[in-house]
Amino acid sequence: QVELVESGGGLVQTGGSLRLSCAASGRTSSYTMGWFRQAPGKEREFVAGIDRSAILYYGDSVKGRFTISRDNAKNTAYLQMNSLKPDDTAIYFCAARRSAFISYDANYDYWGQGTQVTVSS
């Protein structure tokens, strides 16, 4: 069993930056780690993923602005978010998957509780 805890959310102005962290309770170096987000009234959306080989994947809406990374020694994944827009406002969730990367959220095995990101205009 892996527990995930997100941190780093908050309120930021348009154009600002935030860095989210996802700390895992167990060893996750062989897992795919993903970030998803859900805005009010919308379905959960894939944001970014990093697999066990450190290959990176991004949703179209965040390419060039967000960067996912991981520190296997700390069992922590990160999401650096730059050039934030009001449309980025959502609850951001970290997820872990035992197998290869996939962007479909239903195929992830473990989830954090989420952290709120609010971008003001």
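Summary of values
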| quantity | calculated |
| --- | --- |
| With all protein chains modelled, accessible area of T89 [1.4 Å, Å²] | 40 |
| Size of electric dipole in the stretch 36-114: Cβ of Lys, Arg +1 and of Asp, Glu -1, about Cα centre, debye, nearest 20 | 180 |
| Sequence-distant residues sharing a close amide H with D109 (under 5 Å, placed H) | A96, R97, R98 |
| Hz values of 3J(HN,Hα) by residue in the stretch 17-32 - Karplus curve (6.51, -1.76, 1.60), Gly and Pro given as x | 10, 9, 10, 8, 10, 9, 9, 9, 7, x, 6, 10, 4, 9, 8, 7 |
| J(HN,Hα) series, the stretch 65-75, from Karplus relation 6.51 cos²θ - 1.76 cosθ + 1.60, nearest Hz, glycine and proline x | 10, 10, 9, 9, 8, 8, 10, 5, 5, 9, 6 |
| Residue-normalised accessible area of the stretch 1-57, expressed per residue, 1.4 Å probe, Å² | 54 |
| Normalised contact order of the stretch 63-115, rounded percent, pairs of Cα under 8 Å and 6 or more residues apart | 27 |
| Reach of K42 by Cα under 15 Å, taken over aspartates and glutamates that are not fewer than 8 positions away in the same chain | D87, D88, D105 |
| For the stretch 59-104, the spread of Cα positions along each principal axis, largest first, Å | 32, 24, 20 |
| Accessible carbon and sulfur surface of the chain relative to its total accessible area, %, 1.4 Å | 45 |
| Hz values of 3J(HN,Hα) by residue in the stretch 37-51 - Karplus curve (6.51, -1.76, 1.60), Gly and Pro given as x | 9, 9, 8, x, x, 10, 6, 5, 10, 5, 10, 7, x, 9, 8 |
| Under 5 Å, built H, 5+ apart or other chain: amide partners of F66 | N82 |
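The values are calculated or read from the model by the stated rules, or taken from the named source; none is laboratory data. Computed from a predicted model, the values in this text were never measured in an experiment. Here Cβ is always computed from backbone atoms with ideal geometry, including for glycine, and neighbour counts include all displayed protein chains. Accessible surface areas use protein heavy atoms only, side chains included; no ligands, DNA or RNA. Shrake-Rupley method; radii C 1.70, N 1.55, O 1.52, S 1.80 Å.
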